[in-house]
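Each remark here refers to the structure printed beneath this line.
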Amino acid sequence: ETGVTQSPTHLIKTRGQQVTLRCSSQSGHNTVSWYQQALGQGPQFIFQYYREEENGRGNFPPRFSGLQFPNYSSELNVNALELDDSALYLCASSQQAGTGNTIYFGEGSWLTVV
Amino acid sequence: AQKVTQAQTEISVVEKEDVTLDCVYETRDTTYYLFWYKQPPSGELVFLIRRNSFDEQNEISGRYSWNFQKSTSSFNFTITASQVVDSAVYFCALSEFGAGTASKLTFGTGTRLQVTL
């Protein structure tokens, strides 16, 4: 167990809807990252939060947004869902962004957009 | 830009065989970190190893071993005496290093390992 927990584990949404995914980071970790993993692909970096601020973003449109809370838990919000947003969304936590510390992943949230 | 290539899409072996998973990376950074993760069907990425760019010593952990060669930009992973429980998708990943940078991992496309009896 990594201590990184995500919810919900599975969900189905309709195209055009909005979704919020949640993540609790491992105790003592102040950095949370989100990744999208399409079927048969490697995870792709969406963005990272460090001490409640976004400090890095991958090649994802603005309808992907996030938050980090004072307890370092995080949310990923996706607006105007598209069919291609169907994927496994992985949350990862680590200590102190940019130091090469080990990054631990949760079990992910499987999102299906129909 | 950083890039990780795992040329082997799928490997099938019989239990007790040794198997090597290849990983080749590209980066302009002089300091970086390399990782291997295991992903069982449940989806969770299980951390296996982290290696920094200054440490080229090979590492062994039980049946697992890693060969890091900076000269060829490779970080290969060998499982000795494979077991059915080793069946999973294995990802190699590369991260930047530097205060203030995001701990962004760049993943390869993964190698699916199937170990049969």
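In the range A:41-60, is there at least one residue being touching a Pro at 6+ places or on another chain (Cβ under 9 Å) and at pLDDT below 95?
Pass one, the range A:41-60, residues touching a Pro at 6+ places or on another chain (Cβ under 9 Å): A:52.
With the extra rule that they be at pLDDT below 95, the set shrinks to A:52.
Looking for residues that are touching a Pro at 6+ places or on another chain (Cβ under 9 Å) and at pLDDT below 95, one finds at least one in the range A:41-60, hence yes.
Yes/no matrix, rows are residues, columns are (1) at the interface with chain A (Cβ under 8 Å from one of its Cβ atoms); (2) not small (G, A, S):
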site: B:K16; (1), (2): no, yes
site: B:Q39; (1), (2): no, yes
site: B:L48; (1), (2): no, yes
site: B:N58; (1), (2): no, yes
site: B:S74; (1), (2): no, no
site: B:Q83; (1), (2): no, yes
site: B:T109; (1), (2): yes, yes
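Please find, within the range A:30-44, the residue that is surrounded by the most Cβ atoms within 10 Å (Cβ to Cβ) out of those that are in contact with a strand residue (DSSP E or B) (Cβ under 6 Å, 6 or more places away or on another chain) and free of Cβ contacts under 8 Å to residues at least 40 places away in the same chain. Among those that are in contact with a strand residue (DSSP E or B) (Cβ under 6 Å, 6 or more places away or on another chain) and free of Cβ contacts under 8 Å to residues at least 40 places away in the same chain, it is A:G42. If the condition is being away from chain B (no Cβ under 14 Å), free of Cβ contacts under 8 Å to residues at least 60 places away in the same chain and aliphatic (A, V, I, L, M), then the range A:56-98 contributes A:L67, A:L76.
Results for (1) closer than 20 Å to B:F107 by Cα; (2) basic (K, R); (3) without any contact (Cβ under 8 Å) to a residue 40 or more places away in the chain, shown as yes or no for each residue.
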| position | (1), (2), (3) |
| --- | --- |
| B:Q2 | yes, no, no |
| B:T9 | yes, no, no |
| B:K16 | no, yes, no |
| B:D22 | yes, no, no |
| B:R28 | yes, yes, yes |
| B:F35 | yes, no, no |
| B:N58 | no, no, yes |
| B:T80 | no, no, no |
| B:V84 | no, no, no |
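Only one of the numbered conditions (1) farther than 26 Å from A:A92 by Cα; (2) not in a loop (DSSP other than H, G, I, E, B) is violated by B:E56, and that is (2).
In this structure, is A:R57 touching a strand residue (DSSP E or B) at 6+ places or on another chain (Cβ under 7 Å) and open to solvent by 40 Å² or more (accessible area, probe 1.4 Å)? If you could, list the steps in order and put the result at the bottom.
On the way: touching a strand residue (DSSP E or B) at 6+ places or on another chain (Cβ under 7 Å): yes; open to solvent by 40 Å² or more (accessible area, probe 1.4 Å): yes.
Here the answer is yes, as A:R57 does meet what is asked.
Residues in the range B:59-88 that are part of a strand (DSSP E or B), of a type in the set (G, A, S) and surrounded by fewer than 16 Cβ atoms within 10 Å (Cβ to Cβ): 1 in all.
Of the residues making up the range A:99-112, those that are open to solvent by 10 Å² or more (accessible area, probe 1.4 Å) and more than 8 Å from chain B (Cβ to nearest Cβ) number 1.
Kindly provide the set of residues from the range B:24-59 that are farther than 18 Å from A:G42 by Cβ and in contact with a strand residue (DSSP E or B) (Cβ under 8 Å, 6 or more places away or on another chain), ordered by number. Full working, then the answer.
So in the range B:24-59, the residues farther than 18 Å from A:G42 by Cβ come out as B:28-31, B:51-59.
Of everything in the range B:24-59, those that are farther than 18 Å from A:G42 by Cβ and in contact with a strand residue (DSSP E or B) (Cβ under 8 Å, 6 or more places away or on another chain) turn out to be B:T31, B:R51, B:N52, B:S53, B:D55, B:E56, B:Q57, B:N58, B:E59.
With respect to (1) surrounded by fewer than 21 Cβ atoms within 10 Å (Cβ to Cβ); (2) over 25 Å from B:T9 (Cα atoms); (3) in contact with a Gly (Cβ under 7 Å, 6 or more places away or on another chain), the lone exception for A:Y49 is condition (1).
When B:L21, B:L48 are checked against the criterion of being open to solvent by 10 Å² or more (accessible area, probe 1.4 Å) and under 11 Å from the mean Cα position of the chain (by Cα), B:L48 stands alone in meeting it. Among the residues of the range A:34-70, those identified as under 19 Å from B:T109 (Cα atoms) and among the polar types (S, T, N, Q) are A:Q36, A:Q37, A:Q41, A:Q44, A:N59.
When the residues of the range A:4-22 are filtered to those that are more than 12 Å from chain B (Cβ to nearest Cβ), out of contact with any helix residue (DSSP H, G or I) (no Cβ under 7 Å at 6 or more places or on another chain) and assigned to a loop (DSSP other than H, G, I, E, B), the one that is nearest to A:W110 (Cα to Cα) is A:P8.
The values are calculated or read from the model by the stated rules, or taken from the named source; none is laboratory data. Computed from a predicted model, the values in this text were never measured in an experiment. Here the Cβ is made from the backbone with ideal geometry for all residues, glycine too, and neighbour counts use every protein chain on show. Accessible surface areas use protein heavy atoms only, side chains included; no ligands, DNA or RNA. Shrake-Rupley method; radii C 1.70, N 1.55, O 1.52, S 1.80 Å.
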